[in-house]
1. Given the structure, is GLU39 within 17 Å of VAL24 (Cβ to Cβ) and surrounded by 15 or more Cβ atoms within 10 Å (Cβ to Cβ)?
2. Within the stretch 1-50, work out how many residues are under 16 Å from the mean Cα position of the chain (by Cα), touching a residue at least 40 places away in the same chain (Cβ under 8 Å) and not in a helix (DSSP H, G or I).
3. Restricting to the stretch 26-36, what's the tally of residues that are farther than 22 Å from SER13 by Cα and surrounded by 16 or more Cβ atoms within 10 Å (Cβ to Cβ)?
4. Does the stretch 47-69 contain at least one residue that is under 30 Å from ALA3 (Cα atoms), surrounded by 14 or more Cβ atoms within 10 Å (Cβ to Cβ) and touching a Phe, Trp or Tyr at 6+ places or on another chain (Cβ under 6 Å)?
Amino acid sequence: MNAKLNVFALSGSAAIISALSMLVLGIFGNIGIYTGAVEMMRQWHMFFSLAPLGIITGMLEAAVISFVIIYLFGWIYNKLA
């Protein structure tokens, strides 16, 4: 049995989840919930802030980073499987 991953689907879904997570953190940060997690995201992500444009750019940044990392992981998995 040959277990190959659909790398594009896997990395696309990871990118969507990452972007939605950043959106939720941006919304929660603006209403004062999970301020510790919001502060960590500000430190770790170059473009994330609580301004609407900062939330959107943080979502894009998280989506791109997640897509690339998970794509590479899936590609390596398929090569080794």
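Values quoted throughout were computed directly from the atomic coordinates according to the rules given, and no laboratory measurement underlies them. Keep in mind it's a predicted model, so treat the numbers as computed, not measured. In this analysis, Cβ positions are derived from the backbone assuming ideal geometry, glycine residues included, and neighbour counts consider all displayed protein chains.
1. No, not satisfied.
2. Residues meeting the conditions: 0.
3. 1
4. Among the residues of the stretch 47-69, not one is under 30 Å from ALA3 (Cα atoms), surrounded by 14 or more Cβ atoms within 10 Å (Cβ to Cβ) and touching a Phe, Trp or Tyr at 6+ places or on another chain (Cβ under 6 Å), which makes the answer no.
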